[in-house]
Amino acid sequence: MPHKPQTILEQMLAKGYTRRDFLRFCSYITAAAGIHASGLSKVVKALETKARPPVVWFHFQECTCCSESFIRSSHPIVADIVLDKISLDYTETLQAAAGHQAEEALHKTMKENYGNYLMLVEGSVPTKDGGIYCTIAGKTALSTVKEAAEGAAAIIAWGSCASNGCIQAANPNPTGATPIYKIITNKPIINVPGCPPIAEVMAGVVVHYLAFNRIPQLDGLKRPKAFYSKRVHDSCYRRPYYDAGLFVETFDDENAKKGYCLYKVGCRGPVTYNSCGIIRWNDGVSYPIQSGHGCIGCSEANFWDNGPFYQHLASFPGFGIETTADTIGTILGIGTAAGIAAHAVATNIRKRKIIKHELEHSVKDEELKATDEEKKGGE
């Protein structure tokens, strides 16, 4: 008699989690996935009753940073999502099996679950010269993708390599690196770009599919709107400095130490759509801009070819998020100098003076405090 697949709740209880842990996880992932609070009961019911879906996870032209990001999630249950909460039947990176055993597991899963399995892809697919630049088990990545996609219920493209080609597709693109959506056009595809994507974003996409048996709402670039509807710029804690016209000029200047806006040293936050500033990494501890490095726009197509990383943009989009990722390519055109000048008028000039005044007084207060402490120590 065939073994009945465990539900996600059953698997969690078997792993030592309590029902309270389960409900907390449901609340956490519902919020992370951008699902309205009214949908929490559907998430709970789905994870209580649905069997773990079979999954095949492919790796092609990539560095495996997406998998690295996922398995290093600071939330223990999120880290378990792919490894334990779904039936991960094949992945070249994480599986114990190799050679014929691995290939047998792959084809068995695709045959027995035809039309029902999730296909996860990490890495771009070379198409030049018949796709010979990435060959696994004697087959090209191109042929493997086409074969596996036939029986997939949906395809998730992890990271910028699978979503838009990433570095491998940078000029002159010698291997003809191609994103998945340009190869497979007759299946639901979710692009989850980023180099790498945030682990909780990856988990949120999977849970949404588990709970509602459909892919989440996507933008024009096939990205989940819950995670890619706002620019990094709009959620950046340095945004007030941008509005006030206060910028870091070089990475080692006084403005950098004061935490000013990184736009002039190349930050792509104004043209990058992602949740970095909201969800962040390592249990919400930090993200690149917070650590002092400008956003390089890794979740946007062609980011590798969009000019030197440490040179400010030649132009940037308008204000607010009304102009979404679907139209961002058509609204670039305001010159940098003109844009900064526009931000420096009227109210923003006053803002700059106020902020500078407060910062100067703050520094003086700290210096006086340090001097007083030194005197007390000397006494």
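Read-outs throughout are calculated quantities, based only on the coordinates presented, and are distinct from any laboratory measurement. The shown structure was predicted, so the numbers you read here are calculated from the model rather than taken from an experiment. Virtual Cβ from ideal backbone geometry, glycine too; neighbours counted across all protein chains shown.
Each residue of the range 112-123 was assigned a 3J(HN,Hα) from its phi angle through the Karplus expression (A = 6.51, B = -1.76, C = 1.60, θ = phi - 60°), giving 6, 10, 3, x, 10, 8, 8, 10, 9, 10, 10, x Hz with x at Gly and Pro. Normalised by residue count, the range 100-240 yields a Cα convex hull volume of 129 Å³ per residue.
Once the Cβ-Cβ distance of residue 290 and residue 170 is raised to the sixth power relative to R0 = 22 Å, the FRET efficiency obtained is 0.20. Computed from the Cβ-Cβ distance with R0 of 35 Å, the FRET efficiency linking residue 283 to residue 249 stands at 0.60. For residue 117, the residues whose modelled amide H falls within less than 5 Å of its own, excluding neighbours fewer than 5 places apart on the same chain, are 153.
Both radii are taken from the alpha-carbon atoms of the range 1-60; with Rh as the Kirkwood radius, Rg/Rh is 1.05.
Peptides 104-112, 55-63, 203-211, 289-297 ranked from most to least packed by the mean count of surrounding Cβ atoms within 10 Å: 203-211, 55-63, 289-297, 104-112. Between the amide H of residue 312 and those of 266, distances stay under 5 Å, these residues lying 5 or more places away or on another chain, with hydrogens modeled in the peptide plane. Couplings 3J(HN,Hα) of the range 300-309, computed from phi: 9, 4, 6, 4, 5, 9, 8, x, x, 4 Hz, in residue order, whole Hz [Karplus 6.51 cos²θ - 1.76 cosθ + 1.60, θ = phi - 60°; x for Gly and Pro].
By definition, a body whose alpha carbon gyration tensor gives a ≥ b ≥ c is oblate when a/c is 1.5 or more and a/b is not larger than b/c, and the range 230-311 fits this oblate description. Near residue 58, the amide H atoms lying under 5 Å from its own belong to 120, 121, 122; only residues 5 or more places off or on other chains count, and H is placed 1.01 Å from N. Working from label points 7 Å from Cα in the Cα-to-Cβ sense, the residue 48 to residue 239 distance is 3.8 nm. Got a sec? Which residues in the range 180-207 would a label at residue 14 touch, if it sits 7 Å along Cα→Cβ and we count backbone N under 13 Å? Residues passing the 13 Å test: none.
Phi-derived couplings, Karplus 6.51 cos²θ - 1.76 cosθ + 1.60 at θ = phi - 60°, listed residue by residue for the range 17-27: 6, 8, 5, 5, 4, 4, 5, 5, 4, 4, 5 Hz, with x used for Gly and Pro.
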